[in-house]
Amino acid sequence: GQTILLNNRPEGTPNLGNFKFEEQSVGDPQEGELLVKSKYVSVDPYLRGRMNDTKSYVPPFEVGKPLTSGIIAEVIESKHPDYKAGDYVSKVMPWKTLQVITTEDLHKVDASKAPLSAYLGILGMTGLTAYTGLTEIGKPKENETLLVSGAAGAVGSIVGQIGKLLGLRVVGIAGSDEKINMLKQNFNFDAGINYKTTDDLTAAIKEHCPEGVDIYFDNVGGEISDAVLYHINKYARIINCGAIAVYNETTIPKSLSVQPFLIKNSALMQGFIVSNYASKFEEAIAQLAEWLKQEKLVYTETIVEGFENIPQAFLDLFDGKNKGKMIIKI
Ligand code: NDP
């Protein structure tokens, strides 16, 4: 089978040279193991951080070793009593077309309940991030204003819809007019701001959030977030979910001094890692699946075909080429 290794560590913006394809032989599964074939591979902005040799909440990738991410795979051969050939399973696995895995942290996925790719998005880490971040830190109350950055992406598009289901006014920030239309037409957002064409982001936020911002679900960080902080309300809650705008920076970017806005509004800004909320996952998935069944939630995916296109699909996240969840179909 084929595998994709970290060839070298990126400096700044990553490129295709950071990845290396290799042919590897695949052994036979031993007792308790499974031979699986990758079907859908998730690429996620946080993988960028793992390409650096710095300590974080997940260890860095090693040069010369495969990168890993959430993968939905088909069981080809099983040496475990709970699994059989033809089952679909999910976990964080190395980028390989074929591999032998253990059943540790493995989940079965039910292809009859939802399309397989949904288990990497709305019924996977994406949905859990949106739901737990918004409810556990955002603590939404009806009629409040929720502002979402990275709004047309995987997490952001779900956050906004959940906000609407919970009775909030929802405004999104994203990087193209097409995405802004999608937010309003497909995802029920009340308003959207294209940060690439807006001259004055602070003025645009004021215009679209006339009552101020009670909850800011932040997927991007950087200057967009600085602008938002001008408009937060008293007791605002800020969910620091992601900072894709600065993941490729090699120096710590200069930022406005935003602390005064936090102080004068008694605001809460909290860093968020989805795995901290594991005790809520069952409830979250049940609720998301229910809303999906009732068609109260919809989702969009950008599906790229071919194992060989995984690195490019990952790089494209930083150019905003995706709408909704970026997924590679093998
Ligand atoms: P997305 O589907 O949102 O893809 C990334 C999007 O970010 C792009 O489509 C692009 O949209 C936008 N973007 C890229 N560069 C910039 C930039 N410089 N400034 C502003 N926007 C930019 O990814 P996910 O939904 O998977 O993840 C969203 C965020 O949430 C990421 O920051 C990620 O790291 C974080 N995350 C955190 C988790 C946690 O546990 N803390 C779990 C999961 C995700 P556009 O066209 O609008 O620019």
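The values are calculated or read from the model by the stated rules, or taken from the named source; none is laboratory data. Keep in mind that this is a model prediction, so the values were computed, not measured. We place every Cβ from the backbone using ideal geometry, glycine too, and count neighbours over all the protein chains shown.
Among the residues here, Asp218 does not qualify as in contact (Cβ under 8 Å) with a residue 12 or more places away in the chain, farther than 30 Å from Glu295 by Cβ, assigned by TED's automatic domain parsing to the domain that holds Gly133 and within 14 Å of the ligand (Cβ to nearest atom). Given the criteria over 20 Å from Leu146 (Cα atoms), charged (D, E, K, R) and either away from the ligand (no atom under 14 Å from the Cβ) or not assigned by TED's automatic domain parsing to the domain that holds Ala130 (or both), does Lys254 qualify? Yes.
Residue by residue, here is whether (1) buried (at least 17 other Cβ atoms within 10 Å of the Cβ); (2) within 21 Å of Thr132 (Cβ to Cβ); (3) touching a Phe, Trp or Tyr at 6+ places or on another chain (Cβ under 7 Å) holds:
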| position | (1), (2), (3) |
| --- | --- |
| Ala289 | yes, yes, no |
| Lys296 | no, yes, no |
| Gly306 | no, no, no |
| Leu315 | yes, no, no |
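Whenever a residue of region 224-253 is buried (at least 19 other Cβ atoms within 10 Å of the Cβ), its partners that are among the basic types (Lys, Arg) and part of a loop (DSSP other than H, G, I, E, B), lying with C-beta atoms within less than 7 angstrom and at least six residues away or across chains, give the pairs Arg237/Lys139. Only strands (runs of 3 or more DSSP E) whose full extent lies in region 265-330 are considered here, and the ones with at least 1 residues that are acidic (Asp, Glu) are 301-305.
For Val43, the conditions (1) within 22 Å of Asp316 (Cβ to Cβ); (2) surrounded by fewer than 20 Cβ atoms within 10 Å (Cβ to Cβ) are fulfilled apart from (2).
In region 127-144, the residues that are under 20 Å from Thr300 (Cα atoms) and away from the ligand (no atom under 12 Å from the Cβ) form Cβ pairs under 7 Å with partners that are part of a helix (DSSP H, G or I) and of a type in the set (Gly, Ala, Ser), at six or more places apart or across chains, as follows: Leu134/Gly163.
Within the bounds of region 184-196, is there any residue that is among the charged types (D, E, K, R) and within 12 Å of the ligand (Cβ to nearest atom)? For region 184-196, residues among the charged types (D, E, K, R) and within 12 Å of the ligand (Cβ to nearest atom): present. Gly306: in the same structural domain as Asp44 (by TED's automatic domain parsing), over 20 Å from Ala243 (Cα atoms) and in contact (Cβ under 8 Å) with a residue 24 or more places away in the chain, yes or no? Yes; evaluated as a whole, the condition is true for this residue.
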